[in-house]
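First comes the structure, then the notes that go with it.
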Amino acid sequence: INDFSYLHTNCFELSIYVGCDKYPHESELPEEWENNRESLIVFMEQVHRGIKGIVTDIHGKGIPNAIISVEGVNHDIRTGK
């Protein structure tokens, strides 16, 4: 569903698997966290990269459904309400 959401909506979803066991026992979670903590934190910090902002008119009011295109990226997005 992640690919569908990205291609057909403005939603960008991720699924991250950090081990082979989809449902580890509660007692194993602290070790899983320690094994993956640093890489997950560095990954989450990446949210601050890229282009972000608010699309507004000359009065500062948001423009719903505006198309945003980035040269070299073959995927336009639209602003929300």
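The values are calculated or read from the model by the stated rules, or taken from the named source; none is laboratory data. Keep in mind the model is a prediction, meaning the values are calculated, not measured. Backbone-built Cβ (ideal geometry, glycine too); neighbour counts: all protein chains shown. Calculation scope for accessible area: heavy atoms of the full protein, side chains included, ligands and nucleic acids excluded. Shrake-Rupley method; radii C 1.70, N 1.55, O 1.52, S 1.80 Å.
Data for the structure
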quantity: Every pair of residues 6+ apart whose Cβ atoms lie under 8 Å, when the first sits in the stretch 51-80 and is in a strand (DSSP E or B) while the second is basic (K, R) and open to solvent by 80 Å² or more (accessible area, probe 1.4 Å); calculated: G62/K81; I67/R78; I68/R78
quantity: Of residues in the stretch 1-43 being aliphatic (A, V, I, L, M) and at pLDDT 90 or above, the one farthest from the chain's Cα centre (by Cα); calculated: L29
quantity: Condition check for L7: among the aliphatic types (A, V, I, L, M), assigned to a helix (DSSP H, G or I) and exposed (fewer than 10 other Cβ atoms within 10 Å of the Cβ); calculated: yes
quantity: So L29, is it touching a residue at least 12 places away in the same chain (Cβ under 8 Å) and of a type outside the set (V, I, T); calculated: no
quantity: Looking only at the stretch 19-43, and only at residues there that are in contact with a helix residue (DSSP H, G or I) (Cβ under 9 Å, 6 or more places away or on another chain) and open to solvent by less than 70 Å² (accessible area, probe 1.4 Å), the one that is farthest from I67 (Cα to Cα); calculated: P24
quantity: Checking I58 against (1) at pLDDT 95 or above; (2) open to solvent by less than 100 Å² (accessible area, probe 1.4 Å), the condition it does not meet; calculated: (2)
